[in-house]
1. Normalising by the residue count of region B:131-178, find the relative contact order in percent from Cα pairs under 8 Å and 6+ residues apart.
2. Spin-label point model (7 Å from Cα, Cβ direction): what's the B:H145 to B:H1 distance in nm?
3. Over the Cα atoms of chain B, compute the convex hull volume and normalise it per residue, giving Å³.
4. Mind listing which GluC sites (Glu not before Pro) in region B:83-174 are in a DSSP loop and have 14 or fewer other Cβ atoms within 10 Å?
5. For region B:75-178, which trypsin sites (Lys or Arg not before Pro) pass both filters: DSSP loop (anything but H, G, I, E, B) and at most 11 other C-beta atoms within 10 Å?
6. Say R0 is 22 Å: what FRET efficiency, to the nearest 0.05, do B:S17 and B:K123 get from their beta-carbon distance?
7. Counting Lys and Arg as +1 and Asp and Glu as -1, what is the net charge of the other residues whose Cβ lies under 12 Å from the Cβ of A:R3?
8. Take every residue in peptide B:94-100, count the Cβ atoms of other chains within 10 Å of its Cβ, and give the average of those counts.
Amino acid sequence: GTRIIYDRKFLMECRNSP
Amino acid sequence: HSLENRWALWFFKNDSSQAWQDNLHLIIKFDTVEDFWAVYGHIQLASKLSSGCDYALFKDGIRPMWEDSRNKRGGRWLVSLAKHQRHSKLDRLWLETLLCLIGESFEEHSQEVCGAVVNIRTKGDKISVWTREAENQASVLHIGHVYKQHLGLSTKAIIGYQAHADTATKSTRNKFVV
């Protein structure tokens, strides 16, 4: 099946989003 | 944003009057990116913990100890820090480690990952990524190469992989290095 992969950039953007 | 896995964050506080397992506490489980950041924002940075404390992030259902059936044949990629690196590097390297885990940075080899541990120790802190099968050389090496790259370690730096079975018998032999 497909694996949910998030790169560092995306994860860091989620930290900063309101 | 759902994560591929549900993760459990554990905290260990050294208290020699109690058995080792009684000092290990499950803090919380999470399975979304947003909940990860909420948890991360509410706990102390690793560099602020007292010596003898650990954080561990493991897949739900795997206890952060060698004895767990999903760890006992495995081992760990170990990053040992010098004393002075607690303030300059520890928190960044631990966060990069957490992001590698929850983001599944090791692609199909991520299924070999059990979790990661940061040990806060006077003699030098340690960060390790635990995998489930020390004999799965291709996966272990892939994880080691990618992990080293994500930490931004110099190509000259060497990190070693130790089988838990060897560590348990006090051997510090590296089974692999990258």
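1. Over region B:131-178, the number comes to 37 percent.
2. Label at B:H145, label at B:H1, 2.6 nm between them.
3. Taking only Cα atoms, chain B has a hull volume of 116 Å³ per residue.
4. B:E135
5. Values: sites: B:R76, B:K83, B:R86, B:K89, B:R92, B:R121, B:K123, B:K126, B:R132, B:K148, B:K156, B:K170, B:R173, B:K175; in loops: B:K83, B:R121, B:K123, B:R132, B:K156, B:K170, B:R173, B:K175.
Loop-located and lightly packed - B:K83, B:K123, B:K156, B:K170, B:R173.
6. After rounding to 0.05, the efficiency reads 0.50.
7. Numbers: positive: none; negative: B:E4, B:E104, B:E107, B:E108.
Combined, the nearby Lys, Arg, Asp and Glu give -4.
8. Across B:94-100, the average partner-chain Cβ count within 10 Å equals 2.
Computed from the coordinates by the stated procedures, all read-outs in this text should not be read as laboratory data. Note that the coordinates shown come from a computational prediction; the quantities given were computed from them, not determined experimentally. FYI the Cβ positions are ideal-geometry reconstructions off the backbone, even for glycines, and counts take in every protein chain you see.
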